[in-house]
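Notes follow once the structure below has been shown.
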Amino acid sequence: MWSTSKRIFAEVRPNSSPPRKCQQSIGPWGIDHTGSGWLETPNAVNMKHFLRPCFAALAVVGLAANAYAVTDPQGDFLPSFTGNHNAALDILSADVSFDPAHDDFLLQATTAGPIAGVNGAAYVFGFDTGGTASTPFVAIGEPGVAFNATAVLKSNGTGTVGTTTVATRVVGDEIFATVPTSLLPSHGLADQDYTWALWSIDSNIAGLPRNADFAPDANIGVSAVPEPANIALLASGLGLLGFVARRRASVAAR
């Protein structure tokens, strides 16, 4: 979607050249069959002003829907990991989004194999909420992972923040959870400015050798869920684009 957004922006981006002429342009009184009409008719100008915020909304939604916030190579288990190289512990992608409309965080991870029922498999989302953060993974080559709060999701479909259960779901090779912001209180950062990292563990193993795979290898910021108003604006803009396309097709057929 984001590549489509960039293409659309490139097509409508203003430039210093004069307006182009077209062979058939739609003006306020119908079609100009002479080929002398400018694209900058009153209707075209109004259309551009109407569509500009729609394109902006398209960019916002495109960024938020751009696959996942981080991807990770397959098979890159840590050398220090002493557990089974089960595909369910091999993280391929992950995302954490902040949803201001519902005041919660949306967690998601995809692995190289089915998750449900894999003995001991768990996924730890570490958050830096500001203030002092722990960096306990320097010894295993992950110095950029810093956190002062965690959400732990398990292969049996349960999840916790501290001792509090959070809604968690496993679907094939993906695991999801919703974490209210109240369970991740700030220590100096605004909710939307939190950073995070994810790592998989074999909970049957103690200490640092339990950590199987990190994604990313250093904290990144949470992404944002598009506001409902932007989504509605996008829908109206796409509907109008469809109308314009049908109108142009009708004109070309005459």
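Read-outs throughout are calculated quantities, based only on the coordinates presented, and are distinct from any laboratory measurement. Worth saying up front: this structure is predicted, and the values here are computed from it rather than measured. Ideal geometry is used to build each Cβ from the backbone, glycine not excepted, and the neighbour counts take in all protein chains shown.
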Among S182, S200, what is the fewest-to-most ranking by other Cβ atoms within 10 Å? S182, S200
Computed over all unlike Cα pairs, the Kirkwood hydrodynamic radius of the stretch 70-224 in Å stands at 15.3 Å
